[in-house]
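Structure record follows, encoded as structure tokens.
Any read-out appearing in this document is the output of simple, stated calculations on the displayed coordinates, not a laboratory observation. As the structure is a prediction and not an experimental result, all values here were calculated from the model. Cβ: placed from backbone, ideal geometry, glycine included. Neighbour counts: every protein chain shown.
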């Protein structure tokens, strides 16, 4: 376990106690039904966490999309963090990261058949999605909605970072928890994310005991698996430079490549660690999570890239950061052929992938609004 990652600002404990009292009172008002949580007659799966920062909510939401979209019409509802619009917005071919947020835009681009919408008021957003005629929605995934208690999801999935378990953390601002650890009790599934591939069996047992879950809660462990590099501007990549028909670049082929790694995410450490296993020529430029790239940032990216001395050379970024680069007005045409995104996929560990998948599909099957969904599923299987 990597407890050295966890930094607690003990001198801020008094502020954390005050913050915690307010949050606990808010949660009690929902528990006592003074504040109302609304249920809907459609399967709703919430994916969230207790802490601020990246635990892998978007990759796990995408994992859910993949296991559901072949059988059901899936919608994703997010608040659209740092978007430049307000209220309910349905993603369309004209949408950008500025209009719906970088993570919703990423999912909209990767899964065109999935309905993606954003709304700060999740109940209102759900009602708008349910009013859609084409497509008629079968299941709604709520991205980062664990603290949005005005909606009562049928299934809550709580994520916690292997390197910063919620049981080792404390409330804001001394730590990074949005609410007390007791909030975990609202989850039916808890996933320990970002686990190392070589995690030891004893670590599974230690973490299981430390999280102290109830019998009704299921615990899973997941890790990131990185795919081949994808060109952010595929039409700009010369045919002679492409190692595959899809313009993909395998990480194993980066041995002699100079890399300029540019990220605007909560924690670039796992990506940096993965790339360091492929090449030692890496220059990292890290921005804050969801950073909106300024003209000066773009100029800095260009200058740092040109300082790379080796050939070949690439600019590698995340899929989320790529969404904010695609429509950037001052991004140099000269740089575009060199910019690649590193896809992240989720792997459920301990040979528990089938169990997890069946639990999700089973919940959706049992809670669909009418028998036509079951009929469609039977037709799909036959």
Legend entry - Fraction of the pair-distance distribution of the range 1-120 above 24 Å, Cα-Cα pairs, percent: 47
Inset, instruction - Report, in whole Å, the centroid distance computed from the Cα atoms of the range 111-165 and the range 303-360. - result: 25
Legend entry - Theoretical FRET efficiency, 1/(1+(r/R0)^6), r = Cβ-Cβ of residue 333 and residue 276, R0 35 Å, to 0.05: 0.70
Inset, instruction - Once you have a ≥ b ≥ c as the square roots of the Cα gyration tensor eigenvalues for the range 16-58, tell me rounded if a/c is under 1.5, and otherwise prolate or oblate according to whether a/b is larger than b/c. - result: oblate
Legend entry - Segments 342-350, 168-176 sorted - mean Cβ within 10 Å per residue, highest first: 168-176, 342-350
Inset, instruction - Please work out the C-alpha center-to-center distance from the range 181-201 to the range 77-106 and express it in whole Å. - result: 29
Inset, instruction - Rounded, prolate or oblate: pick one for the range 98-138, where a ≥ b ≥ c are the square roots of the eigenvalues of its C-alpha gyration tensor, a/c under 1.5 means rounded, and failing that, prolate if a/b is larger than b/c, else oblate. - result: oblate
Legend entry - Kirkwood Rh in Å, taken over the chain so that all alpha-carbon pairs contribute: 22.3
Inset, instruction - Note down the relative contact order for the range 230-342 as a percent, whole number, built from C-alpha pairs under 8 angstrom at least six residues apart. - result: 38
Inset, instruction - Please label the shape of the range 174-322 as rounded, prolate or oblate, based on the square roots a ≥ b ≥ c of the eigenvalues of the alpha-carbon gyration tensor (a/c under 1.5 means rounded; beyond that, a/b larger than b/c means prolate, else oblate). - result: prolate
Legend entry - Taking N as its residue count, the alpha carbon Rg of the range 68-208 over 2.2 N^0.38 Å: 1.19
